[in-house]
1. With A:LEU51, A:LEU32 as the choices, which residue is outside the structural domain of A:SER262 (by TED's automatic domain parsing), touching a Lys or Arg at 6+ places or on another chain (Cβ under 7 Å), in a strand (DSSP E or B) and touching a residue at least 60 places away in the same chain (Cβ under 8 Å)?
2. Determine which member of the set B:GLU39, B:GLU75, B:GLU57 is of a type in the set (D, E, K, R), within 13 Å of the chain's Cα centre (by Cα) and buried (at least 20 other Cβ atoms within 10 Å of the Cβ).
3. If a residue counts only when it is over 23 Å from A:HIS322 (Cβ atoms) and of a type outside the set (A, V, I, L, M, F, W, C), which helices (runs of 4 or more DSSP H) contained entirely in region B:28-122 have at least 3 such residues?
4. List the number of the failed condition for B:TRP98; all other conditions in (1) among the aromatic types (Phe, Trp, Tyr); (2) surrounded by fewer than 19 Cβ atoms within 10 Å (Cβ to Cβ); (3) away from chain A (no Cβ under 14 Å) hold.
5. With the requirement that a residue be β-branched (Val, Ile, Thr) and more than 9 Å from every other protein chain (Cβ to nearest Cβ), what does region B:21-37 give you?
6. Could you please tell me which pairs satisfy a Cβ distance under 7 Å, a separation of 6+ or placement on different chains, a first residue in region A:125-151 that is free of Cβ contacts under 8 Å to residues at least 12 places away in the same chain, and a second residue that is outside any loop (DSSP other than H, G, I, E, B)?
7. Being modelled with pLDDT of 95 or more, charged (D, E, K, R) and in contact with a Lys or Arg (Cβ under 9 Å, 6 or more places away or on another chain) is the filter here; which residues of region B:1-33 pass it?
8. Output the number of residues of region A:143-200 satisfying the condition of being within 27 Å of A:ASP13 (Cβ to Cβ) and of a type in the set (D, E, K, R).
Amino acid sequence: MTGDDTKHLPLEDIHVAAGARFGAFAGWSMPLTYPAGVMKEHLHTREHAGLFDISHMKLFEVSGPEAVSLLNRACPLDAGALEISQSKLSFFLNEAGGILDDLIVTRLGDQRFMVVANAGNAVADEKHLRALAADFDAKVEPLERVFLAIQGPEAWAALSRAGIETGSLLFMHGVEPRQNWFMSRSGYTGEDGFEIGLPETDARDLVAKLLGDERVLWIGLAARDSLRLEAGLCLHGQDITPETDPASAGLMWAIPKEIRASGAFIGADALRAALERGPAQKRVGLKPEGRQPVRAGAALFDADGKPAGHVTSGGFGPSAGHPVAMGYVATPLAKPGTRVFADVRGTKIPVDISSLPFTPHRYRKG
Amino acid sequence: MAKTYFTEDHEWLRVEGGIATVGITNYAQEQLGDLVFVELPETGKKLAKGDTAVVVESVKAASDVYAPADGEITEANGTLSSDPSLVNSAATGAGWLWKMKLANESQLEGLMDEAAYLAHIG
C-alpha cells in the first residue's frame, strides 16, 4: 500500500479540494474517483469532456544528431520516417521480444522527439534509454511537467474556450503550442481528446479555466480504466508484459513492415522468429454472458473444459452496458463468436470472444 | 421490536423474531462505488460466521460480504439481480442483501449499535 516513498501529484491539493478518493497506483497516490463516481465519470467523458491528471506518466525529450538512430535501436520504429508532429505507438522490447513498455513517440523536429512512458515503467525506461544513448550522439532528458488529458467529444471546444485552439491538429499528432508545453491529439479512452504536458504554474491556470466550463469534469483512474478497456486499449503490466510480444498482443500494426524485416531494434531476431512460427496465444476481447464481471486473472476453458487462456483485464463497461474483458486465448480459439468459459469463484461463466473495441473509437483523423 | 446491529466489516443486521436482514452500510457502499453485480446466495444455504455470503462487484473490483453470524439463508434480495445500484442508493433499505435464520443469537452480543459504529468509522 502507500509507503513513505509514495509519489504525490503536483496538483494533489486541487484533487483533494475536488473531493477525490485516492488510491495507490504504480507508486503514486492517484485520484481513483471523484464524488460523481466511476459510472457518471465514465459516461460524462463519452458525452462531454473528462479531465484526467496523468502526471504519473513520464515525458522524455530525446534529441541530438543521432536521436533517430537511438530510437530505431530502442524501438521497433522508423523514427526517421515520422513527419514533424507525427506520433506513433511503439515499444521497448527485451531481447526475447517481450514488451518492457509501450510508448508514444512524437517527432518535434529534425533531431528532437518526445517519448511518453507509463508511470510504472518510467524509472526503468529512463535507465534503459540512457544506457542505449551512450552509444549514440543523443541526449535523453526527463521533463518535469504536469501532464493532463482532456478527453471526449467536447474536449476541443472546452480547450478553445480556455484559449487553446486545436483545430488543425489531427489524431496522433503532437506540437509545442507554448514554451515548455507539449500537446498531442491522443488519449486512452477511444474518444477524441488531447494530452498536454506543461509547467505546474501554467497547469493550475489551465485547470481553473477548464473546470469553470460546465462541460468539463475531473475523471479518476477507475473510469480511466473502464474507458480504456471498452476502447480495447492495453494496460502495460496486465494486457501486455515482458512475457508477451507484439505479435501475440495483436499490436503488429504499430511496427512498419520494412522494420519487421530489416530493423535493428532490440528484440528484432526474437520477434521475427515469433512471427515465423505464429503466436501460440492471441489477445482478444471477451464478452461475458449476463451481468457478472469477469476479472483479471480468471482462467479460461474451452467447451471441453481444457485450459484455453486467461483474462488480463476485466470489469464492467458503463457505455457498453455489460461486462467487458480482454485476455489471451489459444490462437485457434481467437475468432470472434467463439465461446469459452471463465472460472469465477468456481462457477464457469460463458464468455464470447469479441472483436475490439467494445465502444467505437471516435478519433479525429481528418 | 427489531433491533439493528453493525459489524466491523461494515455490515448491518436488523434482527426480528430470530431472522436477521443483512446489508452493507452506507459507508461501505461509498467505499465500493457503483455496484454492477451482486452474487446472491441460494435459499437454504448454511453459513458459519465469517463465511462469504455474498459477493458485490463494482465497476473495478469484487468484494466479499461475510456472514456476521451462524445461520441459514431464508431469502436473498432478488431485486438486486436486475438493479444492483439499489445497494448504492438505499444501502440500509431496499438494498438489503439477504435474510438468515440465526443459529445462535448470543453471537450478536459482540456487535456494535449505530452510535458505536459511527464512532468506529470516525
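1. Values: A:LEU51 fails: touching a Lys or Arg at 6+ places or on another chain (Cβ under 7 Å).
Result of the check over A:LEU51, A:LEU32: A:LEU32.
2. Working: B:GLU75 fails: buried (at least 20 other Cβ atoms within 10 Å of the Cβ); B:GLU57 fails: within 13 Å of the chain's Cα centre (by Cα).
Matching residue, one of B:GLU39, B:GLU75, B:GLU57: B:GLU39.
3. Working: elements: B:79-82, B:86-89, B:114-121.
So the answer is B:114-121.
4. The failed condition is (2).
5. Taking region B:21-37 and keeping what is β-branched (Val, Ile, Thr), we get B:21-22, B:24-25, B:36.
Passing the criteria: B:THR21, B:VAL22, B:ILE24, B:THR25.
6. Within 7 Å, the pairs are A:ARG130/A:VAL140.
7. Residues satisfying the conditions are B:ARG14, B:GLU16.
8. 7
The values are calculated or read from the model by the stated rules, or taken from the named source; none is laboratory data. Everything numeric in this text was worked out from a predicted model, so none of it was measured. Every residue, glycine among them, receives a Cβ derived from its backbone with ideal geometry; neighbour counts consider all protein chains shown.
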